[in-house]
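Just below is one structure, and these are the notes that go with it.
The values are calculated or read from the model by the stated rules, or taken from the named source; none is laboratory data. For clarity, every value in this text was computed on a predicted model and none was experimentally measured. Ideal geometry is used to build each Cβ from the backbone, glycine not excepted, and the neighbour counts take in all protein chains shown. The accessibility values were calculated without ligands, DNA or RNA, using every heavy atom of the protein model including side chains. Shrake-Rupley method; radii C 1.70, N 1.55, O 1.52, S 1.80 Å.
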Amino acid sequence: AGCLASTTNSQRPLLILTCDVGHDRDGRGVLGIDALTGQVLWQHEVAGRPRADNLVAGDLDNDGRNEIVLALELSNLPRGREVNGYLDSDSQIVVLNDDGSQRWSNIVSQGPGGCEMVVVDANGEGPPEIVATHWTMPLPSGGVHIWNLSGELLDQYHSTLQLTGIAALDSPAQKVPALLVSTSVGMLEVLRFEDDHLVRKMNLEFPYSCAI
């Protein structure tokens, strides 16, 4: 799967593809492809599993260059391989420049589990932040991390539940969006990023597990 962005030095569309080829295999990572000719312009190899459904590309900080944000999930728990500094046993958030070079990466969780992320103006002041949930096993736990586009961790929210998904919901009555976080035990947590902190506003309970 992939999405379209513009290249740095032209307005030609750039197709961003994630490649998940399995445990301990070469070729996992992100490809930048000229959408008009099919030429592979660059490849950024990673360990773990690049999430095609957790990929955002665009000029997020209005600097004239596109950024590519993606989530990497655990691929192989017994450490597996290390590729470009990434480990199979980690879930990470990675930000690339549109030439395939790495801007920054941060570990979300280590060990069995996974992560989900959204890119949203969480404090209502722009530019957007990157907000990621994670869950771990076998003991259920999770958390929410929020970074600015430079990779600075702004805050963390810890939970004893497995946080399985996240979505942002705007409301005309609120300055900042609600962050809806699903759990594995039928509870939807509603957070907001206020005064530089992630604050839980309410919980909504369901008779079954839920995911966003």
Can you tell me which residue among A35, A57, A71, A47 is under 17 Å from the mean Cα position of the chain (by Cα), of a type in the set (A, V, I, L, M) and modelled with pLDDT under 85? A47
Restricting the stretch 81-105 to residues that are modelled with pLDDT of 90 or more and β-branched (V, I, T), the residue that is nearest to the chain's Cα centre (by Cα): I93
So is V40 on the phi < 0 side of the Ramachandran plot and modelled with pLDDT under 80 or not? no
With the stretch 106-166 as the region, which strands (runs of 3 or more DSSP E) entirely inside it contain at least 2 residues that are over 13 Å from the mean Cα position of the chain (by Cα)? 129-136, 141-147, 153-159
Out of contact with any strand residue (DSSP E or B) (no Cβ under 6 Å at 6 or more places or on another chain) and surrounded by 15 or more Cβ atoms within 10 Å (Cβ to Cβ) - does that describe any residue in the stretch 106-119? no
Do we have any residue at all in the stretch 60-80 that's part of a strand (DSSP E or B), buried (at least 18 other Cβ atoms within 10 Å of the Cβ) and in contact with a Phe, Trp or Tyr (Cβ under 8 Å, 6 or more places away or on another chain)? yes
Assess whether V131 counts as being crowded, with 18+ Cβ neighbours inside 10 Å, at pLDDT 90 or above and in contact with a Phe, Trp or Tyr (Cβ under 9 Å, 6 or more places away or on another chain). yes
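Per-residue answers, yes or no, for (1) modelled with pLDDT under 85; (2) of a type in the set (D, E, K, R):
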{"site": "G142", "(1), (2)": "no, no"}
{"site": "I146", "(1), (2)": "no, no"}
{"site": "S150", "(1), (2)": "no, no"}
{"site": "G165", "(1), (2)": "no, no"}
{"site": "V176", "(1), (2)": "no, no"}
{"site": "L179", "(1), (2)": "no, no"}
{"site": "K201", "(1), (2)": "no, yes"}
{"site": "F206", "(1), (2)": "yes, no"}
So M117 ticks every box in (1) free of Cβ contacts under 8 Å to residues at least 40 places away in the same chain; (2) under 21 Å from S184 (Cα atoms) but one. Which box is left unticked? (1)
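So that you can scan it fast, the table gives a plain yes or no per residue for (1) farther than 14 Å from I93 by Cα; (2) among the β-branched types (V, I, T); (3) open to solvent by 50 Å² or more (accessible area, probe 1.4 Å); (4) touching a Leu at 6+ places or on another chain (Cβ under 9 Å):
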site: A122; (1), (2), (3), (4): yes, no, no, yes
site: M137; (1), (2), (3), (4): yes, no, yes, no
site: E152; (1), (2), (3), (4): no, no, yes, no
site: H158; (1), (2), (3), (4): yes, no, yes, no
site: L161; (1), (2), (3), (4): yes, no, no, no
site: G165; (1), (2), (3), (4): yes, no, no, yes
site: P172; (1), (2), (3), (4): yes, no, yes, no
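For every residue, the table says whether it meets (1) of a type in the set (F, W, Y); (2) touching a residue at least 40 places away in the same chain (Cβ under 8 Å); (3) open to solvent by 20 Å² or more (accessible area, probe 1.4 Å).
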position	(1), (2), (3)
L15	no, no, yes
C19	no, no, yes
R28	no, yes, no
T37	no, no, yes
A47	no, yes, no
D53	no, yes, yes
G58	no, yes, no
Hey, any hits in the stretch 177-184 for a residue that's out of contact with any Lys or Arg (no Cβ under 8 Å at 6 or more places or on another chain), buried (at least 19 other Cβ atoms within 10 Å of the Cβ), aliphatic (A, V, I, L, M) and in a strand (DSSP E or B)? yes
